[in-house]
Amino acid sequence: MKESTPVINEPKTDSFTLYKKDPRLNTSVYQLASKKKSQNLRTDLSQEFSQYKDDENFFDAIRQYKTDQKNKIINDLEIAPLQNRQRILKALSALADSILFVTYERVFQIMKARHGMPCFLSSYKQTVPANLAILGMGKLGGQEINYYSDLDIIFVYSHRGETLSTPAMDNRQFFVKLAQKYINVLSVMTSAGRCYEIDTELRPSGNSGALVISYDHFLDHQMNKAQTWERYALLRARAMASNWDFQDQLDKQINKLAYQHVIDKEVVPQMHKIRKQVIKERAIQETNGFDIKLGDGGLMDIEFIAHLIQLKYGLIHPNLQQRSLFELFEALKKHDILSSSELGSLSRAHLYYRSIESLLHLEKKRSDSFLLFDTSFSELITEKLNLTSVKEAIKDLQEDVRKIYKRFYPLA
């Protein structure tokens, strides 16, 4: 096997190593998910699905598992939609995590049987397995996905090298094939339904870029070539990998990439420009309805406010280094960055918007964020959320969010 240069080990003088000495980072309360809990979940599910020797039966079984678990969440928690919203979104995200892990394990075994184990030569000239990480982005990274949310992911593999097979296959080629099959397994419609729609557009260079990138390529891109919006996206990125060491390494580097630099004066106008473009090109504009996700004063405005606060203050106040907006709003109570009125308005709007979005998903059985007013369904939402009028409630929430947005993005 040809020797390939390992890229996990950090050079002694790189910026990450230097930044580890910053006491503000060393006191961070930012925590990774419990390894023990995740390991137990993976083991239990792997054992549960090991009975399905045939791949097609496995793929149907994993879909049925998702349906059963989703229905359980609905029956147990939707009886109190506002009080339980954070629990609901976290439960749906944990379900997605478990399916991603178990499906990856199955697909990896299929690919390894066909092409051999992807490996690299360590600095001690030992042959060591290479690993693939799935970066959960957006609401998947923040563990706040909804019932029919797409899953935004980026594939990053640990080392260049080749498989232990004859003929050998380049690791990049192996992981590309694995990622393609993995996406197909999760997204294809079978008699048991579909697991998830997978979106990989957040990877470097978008759809025109490589589907799978190496760890060193990922770091180089983020440090030297990434656009402003990509740094925003890293604030919620969460690594999921079959190898815990690689997962931890990637998670720690992502955290530093997101928070290590003070933002420059161009960030605010750049992000506001992107926000305006999204409203113009993608938001549904109707006078008798509202786009919960993309409309003026909607969820995206809240996210832009929250992420700007994190970029400005996250390095100084490490407890703001949260992927979940629910947890960020809780952390903000300890600071005077937002007034109590502003924080209350953002928290309330976020809670109601996510709850309305959930009800829309369940009603339409697909990802949808547009609510049409003056319909029987809007009346149902009014009743479920104990409102006088969902139309008037949204109007008030919009105004509150937009006012705060204009304070952080003065050009609005």
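Values in this text are rule-based calculations from the coordinates and carry no lab data. This structure is a prediction, so every number in the text was calculated from the model and none was measured. Please note: Cβ atoms are built from the backbone with ideal geometry, for glycine as well, and neighbour counts cover all protein chains shown.
Remark: the LYS395-LYS252 segment gains 47.4 nm on full extension, using 0.36 nm per residue and subtracting the alpha carbon distance. Restricted to Cα atoms, segment 216-287 shows a radius of gyration and a Dmax of 15.6, 52 angstrom. Modelled spin-label separation between TRP229 and ILE337, with each label point placed 7 Å from Cα along the Cα-to-Cβ direction: 2.2 nm. Remark: the ALA80-LYS276 segment gains 67.1 nm on full extension, using 0.36 nm per residue and subtracting the alpha carbon distance. Positive end of the dipole of segment 293-341 (Cβ unit charges, origin at the Cα centre): among LEU328, LEU338, MET300, the Cα lying farthest that way belongs to LEU328.
Roughly how many Å is it from the Cα centre of segment 125-189 to that of segment 59-116, as a whole number? Going from one Cα centre to the other spans 17 Å. Shape annotation for segment 267-408: C-alpha extents along the principal axes are 48, 32, 26 Å, from largest to smallest. A protection proxy built from the mean count of other Cβ atoms within 10 Å ranks the segments 98-109, 224-235, most packed first, as 98-109, 224-235. Extension gain, ASP220-LYS70: 0.36 nm per intervening residue step, less the Cα-Cα distance, totals 50.1 nm.
For the chain, the longest principal axis of the C-alpha atoms and the axis of helix 267-281 are separated by about 70°. Computed from Cα atoms, the angle from the helix 340-364 axis to the main principal axis of the chain rounds to 70 degrees. Ellipsoid fit via the Cα gyration tensor, segment 29-259: semi-axes of 28, 23, 16 Å, each the root of five times an eigenvalue, largest first. Put +1 on the Cβ of each Lys and Arg and -1 on the Cβ of each Asp and Glu in segment 137-277; which of TRP229, LEU257, LEU140 then has its Cα farthest toward the positive end of the dipole? It is TRP229. Taking a Cβ cut-off of under 13 Å around GLN310, the surrounding Lys, Arg, Asp and Glu residues balance to a net charge of +2, with basic ones at +1 and acidic ones at -1. Rounded to the nearest 20, the size of the Cβ-charge dipole of the chain about its Cα centre is 820 debye, with Lys and Arg at +1 and Asp and Glu at -1.
Each helix, a run of at least 4 DSSP H residues, gives -39500 (n - 2.57); summed and divided by the residues of the chain, these come to -17500 deg cm²/dmol at 222 nm.
In this Cβ point-charge picture (+1 for Lys and Arg, -1 for Asp and Glu), segment 29-259 has a dipole of about 380 debye about its Cα centre. Taking the C-alpha atoms only, the angle from helix 171-187 to the longest principal axis of the chain is near 40 degrees. Between LEU362 and GLU201, the FRET efficiency estimated from the beta carbon spacing at R0 = 25 angstrom works out to 0.45.
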